[in-house]
Amino acid sequence: MALMKRCFCGSQEDIKELLNLKNVQLFSYREIRAATNNFDDGNKIGRGGFGTVYKGTFEDGTAFAAKVLSAESEQGINEFLTEIESITEAKHANLVRLLGCCVQRQNRILIYEYVENNSLDNALQGSAAGVTDLSWSTRSDICMGVAKGLSYLHEEHEPSIVHRDIKASNVLLDRNYIPKIGDFGIAKLFPDNVSHVSTRVIGTTGYMAPEYVVHGQLTKKADVYSFGVLILEIISGRRMSQTIRSGMFLVRQAWMLHEQGSLLDMVDPSMKGGYPEEEALKFIKVALACTQAKPCSRPTMRQVVKLLSRPVCLEELEMLCPGFVGDGHTHDAAAADTVGSPGVMVVSPALSPKVRWPTGTATTTTTEH
């Protein structure tokens, strides 16, 4: 890491050593500027606290996305280096592929493969406006793809990677709507002997697990929680930003409908072509399983993939109230713990949910508290 930091001082030898060490292709600032037509506004495809994303095209016709970190970026040098370190060796169909980077002078640019259909968040917005047709098949495939990508990061990649910011805007869709997880700027690497870490809370409101918000305790199960919220967002078509403004958080809404026996009311009514009711119920119940209050009561992402990919007896997924950070209106106020500022609570049932995960997928989840 010290070597990587020295690269920002401008030493070409250090930069070459970084290239050899991390197997990252280095691009010159001039090359990226030319390929984006001097970072023309017409090539702008995204914007955030970190800076701006531009579409570019190399001379050989290869399209790419350039994530240009601004001088005032919320993503500092450490986060920039973390993103390179996290994604360089991670190879999976459901992860955005890093092509290289630019670390010339004060310029920090990450070069990713170009993904044609922008973000899942944009697709959900387009669906709500009647512009994008997100069928049940497309939505369920997106859920499965993200689950497989996370399972790879948690179970197959060495060291394990906890993404820490799974949300609709960090899931990109290619021309065939195959999902690709992106933005590893705040990811954490977990060696085999580490089950959890205490860390500064960084993430997106509505997606963060209660134990992470309250105690800063991060495990793989924090990603599982975020994924559960994402399923609800995909199936309902209700973007998180809208539900937060309305004060009706998706997890709480899903649980209320579950108690009323009306879970199918969560399904996006504008979905064209209909949907298989049993499968929709399964996806929503898996989402509720992923958002259980206790991390050890949530499935692993490997178990989630199994649950989503095979017929499941819905009785297997019976559970108690999930955990969520709300605005003071909780399923059971007596079971809620106050979080930080007044009026914000976390539902935390004392009893364990009655959940039986698929056999043959046993993991060391009980060590992740």
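Just so it is clear, none of the values below were taken in a lab; they were calculated from the coordinates. All of these numbers come straight from a predicted model, not from anything done at the bench. Heads up, the Cβs are rebuilt from the backbone with ideal geometry, glycines too, and the neighbour counts pull from every protein chain shown.
Points worth noting:
- Sparse-neighbourhood loop sites, GluC sites (Glu not before Pro) in the range 112-181 - DSSP loop, at most 13 other Cβ within 10 angstrom: 116
- A simple rule links phi to the HN-Hα coupling: the Karplus curve 6.51 cos²θ - 1.76 cosθ + 1.60 with θ = phi - 60°, which for the range 274-286 gives x, 7, x, 4, 4, 5, 4, 4, 4, 4, 5, 5, 5 Hz, with x for Gly and Pro.
- Additional length obtainable on full extension of the chain from residue 37 to residue 91, 0.36 nm per residue less Cα span: 16.5 nm
- Peptides 32-41, 299-308 ordered by packing proxy, namely the average of other Cβ atoms within 10 Å per residue, highest first: 299-308, 32-41.
- When the listed pairs 148/282; 148/188; 91/180; 148/220; 44/148; 188/306 are checked against a 21 Å cut-off, the alpha-carbon distance exceeds it for 44/148; 188/306.
- Remark: spin-label model distance residue 128-residue 262 equals 2.1 nm, labels positioned 7 Å along the Cα→Cβ axis.
- Sequence-distant residues sharing a close amide H with residue 45 (under 5 Å, placed H): 53, 54, 55
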